[in-house]
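Scroll down for the structure; my scribbles are underneath it.
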Ligand code: C5P
């Protein structure tokens, strides 16, 4: 039953604690082993039935770079689920942006996941498999933004299995003044590998163990991202920001996703604040965000 009412949902940003990039597939994607953790920074998407579709972005990280047409991931999610369910209820999409627009933090995927959750509620769709399929059609990271928690993604990164975690991890994320195109970082990694560089690491066992034990120092020793060399090669400031955070006392530094966002692990909230203050003054850093993980998947909000 279609209920023409305003519906609001929230979905979270993420960090990748482990990312192995395997072979290039025929569909242009790479085989991944991708350990995601949802973070306590979230996007809120409100859908209001309207005469025609429209998008509005407000909030801390609203930016002129975010498209307001069909290519906006939240509206794309509404349209995709509308097609899949043959519903097409026109809506005004309002995004309250609390995740910086920055490669690696999953803000766009969170917009899509929150919009999907909200539109599903609006039209009364409870078909979990269909929602997963539509999420995957919007981007390889969207299914994780929809399910949240901590998970390992294989295939394109969208075949998800939950990971047991103990305790709460304290992360600091530094977004970059520069930008990186995700396909370009994957391409550069393929090139580096053709030259016998950036061999990578394919076993996430240590990271999974550390997440399960809840020990931040163990997790710091185990985190890994195969894309690090390629990201630094294309944007050397990424390496500089990693060094700055390590000098500030972070337990570890790692590129999140394909970058250029860099994540740092801290011992506790006070330690995270100390690292954040030093990073804020660093060259190449745009925003510094403190967050804990894990956090929820896409969820409906009241009112
Ligand atoms: O699916 P999404 O739009 O997030 O992916 C962006 C780009 O990242 C893809 O077009 C592809 O170049 C690259 N990618 C990849 N292998 C994956 C996920 C993404 O090569 N598993």
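The values are calculated or read from the model by the stated rules, or taken from the named source; none is laboratory data. Computed from a prediction, not measured in an experiment: that's the story for all the values here. For neighbour counting, all protein chains shown are included, and Cβ atoms are generated from backbone atoms with ideal geometry for every residue, glycine included.
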Exercise. Within segment 1-17, count every residue that is away from the ligand (no atom under 14 Å from the Cβ), modelled with pLDDT of 95 or more and either over 25 Å from residue 122 (Cβ atoms) or not in a strand (DSSP E or B) (or both).
Key: 3
Quiz item: So which residues in segment 142-154 are within 13 Å of the ligand (Cβ to nearest atom) and touching a helix residue (DSSP H, G or I) at 6+ places or on another chain (Cβ under 7 Å)?
Solution: 142, 143, 145, 153
Quiz item: Does residue 230 meet the test of being closer than 28 Å to residue 71 by Cβ and either within 16 Å of the ligand (Cβ to nearest atom) or without any contact (Cβ under 8 Å) to a residue 40 or more places away in the chain (or both)?
Solution: yes
Practice problem: Could you tell me whether any residue of segment 241-256 is surrounded by fewer than 24 Cβ atoms within 10 Å (Cβ to Cβ), over 16 Å from the mean Cα position of the chain (by Cα) and part of a strand (DSSP E or B)? | Solution: yes
Practice problem: Mind counting the residues in segment 167-191 that are more than 18 Å from residue 103 (Cβ to Cβ) and either touching a helix residue (DSSP H, G or I) at 6+ places or on another chain (Cβ under 6 Å) or buried (at least 18 other Cβ atoms within 10 Å of the Cβ) (or both)? | Solution: 2
Quiz item: In segment 217-237, what residues are part of a helix (DSSP H, G or I) and closer than 16 Å to residue 102 by Cβ?
Solution: 231, 234, 237
Quiz item: Is it fair to say residue 157 is within 14 Å of the ligand (Cβ to nearest atom), in a loop (DSSP other than H, G, I, E, B), in contact (Cβ under 8 Å) with a residue 12 or more places away in the chain and under 28 Å from residue 83 (Cβ atoms)?
Solution: yes
Quiz item: Which residues, taken from segment 205-222, are farther than 16 Å from residue 271 by Cβ, touching a residue at least 60 places away in the same chain (Cβ under 8 Å) and surrounded by 22 or more Cβ atoms within 10 Å (Cβ to Cβ)?
Solution: 207, 211
